[in-house]
DNA sequence: CAATTCTGCTTCATCGATTGAGCAAGCTTG
DNA sequence: CAAGCTTGCTCAATCGATGAAGCAGAATTG
């Protein structure tokens, strides 16, 4: 792939030459601090017009190289295939731009090696700050970044070496489980344990959600058997397989389930439809994450929606305020009313 | 937001000093063309090790400034809130990395001004190439880019000044409409026109889909009334409002609909549920775009899934082969079998 | 009116990596 | 053993923007 056969781009030197002035005057005018440098409004107007005419575009590489701060802010994100991460990215970009920062986002597919590689790439591009969203191993990323003097904020999954902004996973899971238990009892008249499906047993969010799940059961005086907690990973196929194995093992399937993310729900729903196990009556479901079409799937599904705007407000508050404090900010998720 | 109080980053000069050699040797070694420059394997090994120990990271800004190609590839994309654009971005990033290109993606929220601003920013970052996905006015972007000698490829929506890769919108819409018409006739025994909802009347995709929609009706000998084509925009609220207005105008609502994108479907479904107009029997729906949960909404919905992998293959084929030819590549979408 | 201040610029070093040109020491060849 | 080649480096210019320091000339001040 070559650059089109094109005249070289216009630089401040070209403009200076055309205007019969110096490059530094042009630079000062175009980057807006010409008043501080006592350039006449007249010259400023002339150069601005000229730059416009010549289609001048700043060379960020040169600019960033020279400056102290790059004004580039990076984010790594696991996937783009669900509304939660999609809105995180969209909101992040908007808020970065509001602050005159250039956002660079990259998706790491939940792959630890890619996460590190992506972080390294961001450092090479001189990001001023990096947001590690849902990172498998946030602390290693922070270590890498802090060696380069770059601040990090963990989002969605917490780490121990940088401030973190996460959902109140315990609280959300507790409330969600309560609701599903109530729904089950109302419809089926039984007080029996739910199934937990999806997520990684090792990640903080999942373990907190399991804790909330257990707490809600405990409250209701229901015992949860170990093999009803299937933290099999997030991918739809993994959730589907976990369900199949459970059924094949001859376990009596619960009348309700807690599904850890829409992405796992995709697999769970697929299995329910394919296996026909729940042909008689759909189980009551609770999903930790929101999706508009899941909401339309029927009134047997409750959802918890993570509060992305508040989470990103918290992230930028940390960034804007230069806090280095190792706090973990927990944002309560929103329990969507069913239907 | 300041840089943490940190030692300056290690540069090739630091490494050169530590190793008692020159910066240019270090540079050649670390960027891999030390063989061309006749550097001994011994020194190469020593420097590589040292760089590792010192946590050296290339300064891309300096590197790109000096080189004539940046190896940065940009993409602008309208939204991250649906599976179609999500998978485009994910696939794009993966394919860019395979080619040793650094992907920069930015979301422009279907806002023409933001599109131009984003394109300008990408030029400042010296992108070698820009993919304009679903751009409102691709030709203006191309114009801007080509003035800077940067190649552009249009994706999803075609333009007249750069090669474009789009879905076969006419073909997909034709087939989708046929299916919905068949479904309606089978269930309701009537040959009546469908409703078309969503999209912008001015965009190429929408007008091609409307053309396919009309062609399928023509085939079946069904007349389509002008006011059954509601190209009201993509946003859910717009689709919902359009439905409401249609109903309020006293129009007899069709038994089937062609919905132009999942995002419009969100609004349509919401209206259907809220208004209760279809309480007796759900209408048959066809949706141009795919979503896993929409697929689970019931067997009254048919979907057309745009073939993202093939589309991006085509995009990179154009980029890799340096074609400047103004062709429009049409990729047939996949008609998902119902259920 | 000499001394000072202000205005409106210009000059030049710098950021870090890259690369063409050059150079010294060792090796080959006739 | 002189001429030429090879090996393994170093030197210095360069990419484009930035900003501290400097410098004329005009304006102000005591």
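Just a few scattered comments:
- Residues in region A:93-107 that are touching a helix residue (DSSP H, G or I) at 6+ places or on another chain (Cβ under 6 Å) and more than 9 Å from chain B (Cβ to nearest Cβ): A:95 only.
- Within region A:116-131, being more than 7 Å from chain B (Cβ to nearest Cβ) and either buried (at least 24 other Cβ atoms within 10 Å of the Cβ) or under 18 Å from residue B:30 (Cα atoms) (or both) holds for A:117, A:118, A:119, A:122, A:127, A:130, A:131.
- Out of B:132, B:119, B:162, B:173, one residue alone is closer than 27 Å to residue A:95 by Cβ and not in a strand (DSSP E or B). It is B:119.
- Whenever a residue of region A:20-41 is within 18 Å of residue A:59 (Cβ to Cβ), its partners that are near DNA strand D (Cβ under 7 Å from one of its atoms) and part of a helix (DSSP H, G or I), lying with C-beta atoms within less than 6 angstrom and at least six residues away or across chains, give the pairs A:23/A:12; A:23/A:13; A:26/A:12; A:27/A:12.
- On inspection, residue B:79 qualifies as at pLDDT 95 or above, within 14 Å of chain A (Cβ to nearest Cβ), more than 8 Å from DNA strand C (Cβ to nearest atom) and surrounded by fewer than 21 Cβ atoms within 10 Å (Cβ to Cβ).
- Annotation: of all residues in region A:31-61 being surrounded by 18 or more Cβ atoms within 10 Å (Cβ to Cβ) and within 13 Å of another protein chain (Cβ to nearest Cβ), the one that is nearest to DNA strand C (Cβ to nearest atom) is A:61.
- Checking each residue of region A:102-115 against the condition of being in a helix (DSSP H, G or I) and buried (at least 18 other Cβ atoms within 10 Å of the Cβ) gives at least one match.
- In region B:83-92 there is no residue that is farther than 18 Å from residue A:80 by Cβ and more than 7 Å from every other protein chain (Cβ to nearest Cβ).
- Scanning region A:11-25 turns up one or more residues that are within 12 Å of chain B (Cβ to nearest Cβ) and near DNA strand D (Cβ under 7 Å from one of its atoms).
- Among the residues listed as A:208, A:248, A:219, A:266, the single one being exposed (fewer than 15 other Cβ atoms within 10 Å of the Cβ) and free of Cβ contacts under 8 Å to residues at least 40 places away in the same chain: A:248
This table checks each residue for (1) closer than 30 Å to residue B:150 by Cα; (2) within 14 Å of another protein chain (Cβ to nearest Cβ); (3) free of Cβ contacts under 8 Å to residues at least 24 places away in the same chain; (4) surrounded by fewer than 22 Cβ atoms within 10 Å (Cβ to Cβ).
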| site | (1), (2), (3), (4) |
| --- | --- |
| B:214 | no, no, yes, yes |
| B:244 | no, no, no, yes |
| B:257 | no, no, no, no |
| B:290 | no, yes, no, yes |
| B:306 | yes, no, no, no |
| B:311 | yes, no, no, no |
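The values are calculated or read from the model by the stated rules, or taken from the named source; none is laboratory data. All of these numbers come straight from a predicted model, not from anything done at the bench. Quick reminder, even Gly has a Cβ in these numbers, built from the backbone with ideal geometry, and neighbours come from all protein chains shown.
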